[in-house]
1. Full extension from Ser46 to Thr14: what is 0.36 nm times the residue separation minus their Cα-Cα distance, to one decimal in nm?
2. Subtracting the Cα-Cα distance from 0.36 nm times the residue separation, let me have the gained length for Asn62 to Glu27 in nm, one decimal.
Amino acid sequence: MCKPLNKLEGVYLTLDEFEAIRLSCLEGLKQVDAAKRLKISRPTFSRIISSAHKKIADGLVNIKAIRIEGGCCKVAKGKKQ
């Protein structure tokens with residue numbers, strides 16, 4: 001029997017991790033280019049994306065809710081594919 005999403009144990013992505021995943025995985029940017037967009041160093045981007053990948057893998061493998069936290073933000077419409 002499946003648990004409702006609000007009853008699952010969760011992993012929490014920060015907004016920085018979420019944005020790093022979006023830039024790297026969805027937009028396909030190289031780390032150096034994604035780091036420039038975020039105005040951070042490439043090694044810092046690498047640490048952020050590694051943390052995000054571990055959390056997402058934990059959520060998928062161990063059936064945990066993946067939550068995003070860290071403040072208010074607006075989601076802009078993306079380009080259609």
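Any read-out appearing in this document is the output of simple, stated calculations on the displayed coordinates, not a laboratory observation. Since the structure is predicted, the reported quantities are computational estimates derived from the model, not experimental observations.
1. 10.1 nm
2. Full extension from Asn62 to Glu27 adds 9.9 nm.
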